[in-house]
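Visitor: This is the structure I have questions about; it appears just below.
The values are calculated or read from the model by the stated rules, or taken from the named source; none is laboratory data. Since the model is a prediction, treat every value here as computed from it, not as a measurement. When we count neighbours, we look across all protein chains shown, and the Cβ atoms used for this are built from the backbone with ideal geometry, even at glycine.
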Amino acid sequence: MTATHVRWWRWRKNRLRRRSDVFEACAGVAAGCAIVLGAPAAGLTAGLAVDHSLQHTVSVQHADRTQVAAVVLKAGPREAADPDPESGRVREERRDAVVRWTAPDGHVHTAQVRVGAAHDKGDHVTMWTDKSGAVPAPAPLDSRSATTHAMLAGIGTFLAASVVGLMGRQVLMWQLMRRRLAEWEREWAAAGQSWGRAGAGG
């Protein structure tokens, strides 16, 4: 008997095949299809949902904030750069500075903000403010970063779904194997009672 025949014996009619064998084969195929098709679909769905949400955030933040040109009036001491917790890259050294800028409505404002360590008194910097240009605001999320976060979310969901699917399939196979062993045990017990009796073929 070839390896192909051994692999597909549950699908072929033969005296050794039982209903439990067919059920086990069908369950294995169904679980495999669920993993192969379900995990990528879950990852794609999650990635698209996160991307849609983050791109909406990008649009809202850019609509609510504006960039203005400011002048550094006073620069504080430089601070050591720490790694970015998301990317792991070392951030640019920053320092506190007092800056002055003119809002779109013509009003002049002064505030303390964070600037690059290379900027000093008299330098011109670009900063983000609220829509009115009066209050400093953090830089809005950019579209590329949003897409990157969405891709990571999709990949994470795909991996999680794959692990859950594989674990579920393994548990299912274990349960089916336990049922088969219990069935064999019952049949062996029934056969043992008939051995040695007249007409039992023993």
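Visitor: Among the residues of the stretch 66-80, write down those that are part of a strand (DSSP E or B) and either under 15 Å from VAL98 (Cβ atoms) or touching a residue at least 60 places away in the same chain (Cβ under 8 Å) (or both). Write out each step before concluding.
Guide: Here is the first cut: in the stretch 66-80, the residues part of a strand (DSSP E or B) are 66-75.
If the condition is that a residue be part of a strand (DSSP E or B) and either under 15 Å from VAL98 (Cβ atoms) or touching a residue at least 60 places away in the same chain (Cβ under 8 Å) (or both), then THR66, GLN67, VAL68, ALA70, VAL71, VAL72, LEU73, LYS74, ALA75 are the ones that fit.
Visitor: Residue check: is ALA49 at pLDDT 90 or above, exposed (fewer than 12 other Cβ atoms within 10 Å of the Cβ) and of a type outside the set (Ser, Thr, Tyr)? Full working, then the answer.
Guide: On the way: at pLDDT 90 or above: yes; exposed (fewer than 12 other Cβ atoms within 10 Å of the Cβ): no; of a type outside the set (Ser, Thr, Tyr): yes.
Criteria not met by ALA49.
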